[in-house]
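The values are calculated or read from the model by the stated rules, or taken from the named source; none is laboratory data. No experiment lies behind these values; they were computed from the predicted model shown. Please note: Cβ atoms are built from the backbone with ideal geometry, for glycine as well, and neighbour counts cover all protein chains shown.
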Amino acid sequence: MVVFNPYDPVTWRDPYPIYARLRAEEPVHRNEELGFWAFARHADVLAAHNDWDTYSSTGGVTIEGAERGAPMLILKDPPEHRWHRKIIGRVFTPRRIMALEPFIRARAGELLDRHRDVGEFDVVGEFAIKLPLDVISELLGIPAERRSTVSELSDRLAARGPDTDPTAAMEAGAGLLTLYLELVAERRRNPQDDIISMIMNTEVIDDEDGRTRSMSDEEIAFRFLELGFAGHETVAKGIPNGLMALTRFPDQARLLRDDLSLAGKAVEETLRFDPPSQLQGRITTREVVVQGVTIPAGERVMLITGSALRDESVYERPDTYDLRRTEHPSTLFFGFGIHRCLGAHLARLEMKIAFEEIFQRYEEFHVDVDRAVHHVSTNVRGVSHLPLVVDRAGTPATAGV
C-alpha cells in the first residue's frame with residue numbers, strides 16, 4: 001500500500017519515488033487522514049484539467065481549501081470565469097510581455113552584479129525571489145516607492161515551512177490587498193496610461209447573458225494579489241530548481257554553457273523535471289469513475305502535476321534532466337484548459353533570462369544542494385535558501401547575452 005502525504009518531510013524532500021509507486025500501483029489514491037483523492041498519471045491529470053464541469057475549482061485548489069469563497073480568478077468556473085479572464089488576459093499580450101524583456105535583463109544583471117566579487121551567495125534570497133517581484137511591480141505599474149513594501153509583504157505571504165506563522169502570512173496578504181485597493185482608488189481619482197487604469201476602464205461582453213461587465217475595485221485588487229503571488233512563486237522556485245538539476249546533471253550544464261540558445265529548453269525541462277507547483281486541487285461535482293475507482297460527488301481531488309510530468313508512458317527516461325528532450329505532449333505545468341496560467345509566457349521569459357545571465361557571468365559555478373533549505377507547502381515545492389558557489393579558477397564573463 002502506498003502512503004502519500006505531501007506534508008511528510010521525506011515526501012517533500014523527494015516526492016518522485018512515491019509518485020512512481022503511485023503511477024504503478026495506485027494511480028487513483030485515497031488519503032483518508034487528510035481527506036483527498038489524488039491522480040498520479042498524466043492522462044488522468046490532463047483529463048481532469050479539461051473537464052471543469054466535473055472537477056470544479058470553486059472549492060479551493062489546496063488540500064485544506066481554506067481559500068474557498070475568496071473572490072479569486074483561480075477559484076471561479078464558467079460562466080463568471082470567462083469575462084474575468086477576458087479582462088485580465090489583456091495584461092499579458094505578447095507585445096506587452098516582450099516589451100518587458102530589457103527591464104528583466106537589466107534587473108537580473110543588477111541583482112547578480114552585487115555578488116560578482118564574492119565566493120558564494122544565496123541565489124534564492126538575493127536573486128530568485130527579488131527578480132519576479134520587481135518584474136510584476138513593473139508590469140502592474142506599482143510606484144517605485146511602494147515596491148519595497150510589496151516585496152516585504154509578498155515574501156511574508158509566500159513563506160512556507162514548519163516554523164512559519166500562519167497569522168503573519170494572513171496579515172501580509174491583507175496588507176497587500178489594502179495596498180492594491182489604495183492604488184486602484186488613486187487611479188480612480190487620477191487615471192494614467194498604465195495597467196491599473198486599463199483594467200479599471202475595460203468593459204467586456206459576457207458571452208453567457210450578453211451583459212456588459214467590468215471589475216469592481218475589490219476584484220481588481222484581488223486579481224493583482226493573484227498575479228503577484230502566482231508570478232512570484234513560479235519563478236522564485238523555478239530558478240533554483242533548475243540550477244539544482246543542472247548541478248546534478250553536469251553534462252547538461254556543459255551543454256547550456258556551450259550553447260546559451262538552449263536556455264529556453266532549460267526552462268521547459270526544469271518545469272517538467274521539478275515543477276514548483278506540484279498539486280492542483282479540485283472538487284468533484286458528480287460521481288466519477290477513474291481507473292476503475294469510484295469517486296463520489298463533493299470530494300476533493302488533487303491533480304499531481306509533479307507525477308504526471310514524470311509519467312513513463314509519456315516521457316522517455318523521465319527521471320533524467322535532458323535539454324535535448326523532444327517530447328512535449330502538453331504544457332501541464334501551467335495548467336490546462338480554462339485555468340491555464342495567464343502569465344505562463346512571462347514566467348518562461350523571466351526564467352530564461354535568469355539562466356542566460358547566470359551562465360554568462362560565471363565560467364564555472366555550482367549550487368550546494370546539500371545546504372539547500374527545503375520548505376513544505378500544500379501545493380508548492382522548492383527551497384528557501386540555496387548557496388551558489390563560484391569557482392574562482394574561472395573569471396566572471398562579460399554581462400549580457
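Considered as a group, the residues in region 150-171 that are exposed (fewer than 14 other Cβ atoms within 10 Å of the Cβ) and not acidic (Asp, Glu) include one that is modelled with the lowest pLDDT, and that residue is Gly161.
Residues in region 282-299 that are surrounded by fewer than 22 Cβ atoms within 10 Å (Cβ to Cβ) and assigned to a strand (DSSP E or B): 8 in all. Apart from one condition, Arg213 fits all of (1) under 22 Å from His385 (Cβ atoms); (2) surrounded by fewer than 21 Cβ atoms within 10 Å (Cβ to Cβ); the exception is (1). In a residue-by-residue description of region 58-66, the property of being of a type in the set (Val, Ile, Thr) and in contact with a Phe, Trp or Tyr (Cβ under 6 Å, 6 or more places away or on another chain) applies to at least one position.
Conditions tested, residue by residue: (1) touching a residue at least 60 places away in the same chain (Cβ under 8 Å); (2) out of contact with any Cys (no Cβ under 7 Å at 6 or more places or on another chain); (3) acidic (Asp, Glu); (4) within 25 Å of Ala221 (Cα to Cα).
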position: Leu100; (1), (2), (3), (4): yes, yes, no, yes
position: Phe103; (1), (2), (3), (4): no, yes, no, yes
position: Ala106; (1), (2), (3), (4): no, yes, no, no
position: Arg114; (1), (2), (3), (4): no, yes, no, no
position: Asp117; (1), (2), (3), (4): no, yes, yes, no
position: Glu120; (1), (2), (3), (4): yes, yes, yes, no
position: Leu131; (1), (2), (3), (4): yes, yes, no, yes
position: Asp134; (1), (2), (3), (4): no, yes, yes, yes
position: Leu139; (1), (2), (3), (4): yes, yes, no, yes
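The listed residues are Phe229, Phe249, Phe224, and the only one of them that is of a type in the set (Phe, Trp, Tyr), buried (at least 24 other Cβ atoms within 10 Å of the Cβ) and farther than 24 Å from Asn5 by Cβ turns out to be Phe224. Within this structure, Thr58 passes the test of being β-branched (Val, Ile, Thr), surrounded by fewer than 20 Cβ atoms within 10 Å (Cβ to Cβ) and within 23 Å of Leu342 (Cα to Cα).
Do we have Thr294 as under 24 Å from Val123 (Cβ atoms) and polar (S, T, N, Q) here? So Thr294 fails the test. In the set (1) loosely packed, with under 15 Cβ neighbours inside 10 Å; (2) not in a loop (DSSP other than H, G, I, E, B), Asp319 fails one condition alone, (2). Going by the structure shown, is Glu233 without any contact (Cβ under 8 Å) to a residue 12 or more places away in the chain and part of a helix (DSSP H, G or I)? Considered against the rule, which asks whether it is without any contact (Cβ under 8 Å) to a residue 12 or more places away in the chain and part of a helix (DSSP H, G or I), Glu233 comes out as no.
Going by the conditions given, is Gly119 farther than 17 Å from Val235 by Cα and either out of contact with any Asp or Glu (no Cβ under 8 Å at 6 or more places or on another chain) or not β-branched (Val, Ile, Thr) (or both)? Taking the combined requirement at face value, the residue satisfies it. Among the residues of region 218-274, those identified as of a type in the set (A, V, I, L, M, F, W, C) and within 30 Å of Leu177 (Cα to Cα) are Ile220, Ala221, Phe222, Phe224, Leu225, Leu227, Phe229, Ala230, Val235, Ala236, Ile239, Leu271. Checking each residue in region 47-64 for being of a type outside the set (Val, Ile, Thr) and over 18 Å from the mean Cα position of the chain (by Cα) picks out Ala47, Ala48, Asn50, Asp51, Trp52, Asp53, Tyr55, Ser56, Gly59, Glu64. Is it the case that Gly125 is part of a helix (DSSP H, G or I), closer than 30 Å to Tyr362 by Cβ and not acidic (Asp, Glu)? The answer is yes for Gly125. On the stretch given as region 75-97, residues that are within 16 Å of Glu218 (Cβ to Cβ) and surrounded by fewer than 17 Cβ atoms within 10 Å (Cβ to Cβ) total 1. Residues in region 371-386 that are at pLDDT 80 or above and either within 13 Å of Thr62 (Cβ to Cβ) or among the β-branched types (Val, Ile, Thr) (or both): 4 in all. Those helices (runs of 4 or more DSSP H) of region 18-99 in which 1 or more residues are at pLDDT 85 or above occupy 42-50, 94-99.
Applying the condition of being touching a residue at least 60 places away in the same chain (Cβ under 8 Å) and within 26 Å of the chain's Cα centre (by Cα) to region 194-210 and asking which residue is surrounded by the fewest Cβ atoms within 10 Å (Cβ to Cβ) yields Met198.
When each of Asp217, Asp274, Asp259 is tested for being of a type in the set (D, E, K, R) and over 26 Å from His339 (Cα atoms), the lone residue that passes is Asp259.
Only one entry in Ala347, Ala397 is farther than 24 Å from Tyr55 by Cβ and either at pLDDT 90 or above or surrounded by fewer than 22 Cβ atoms within 10 Å (Cβ to Cβ) (or both), namely Ala397.
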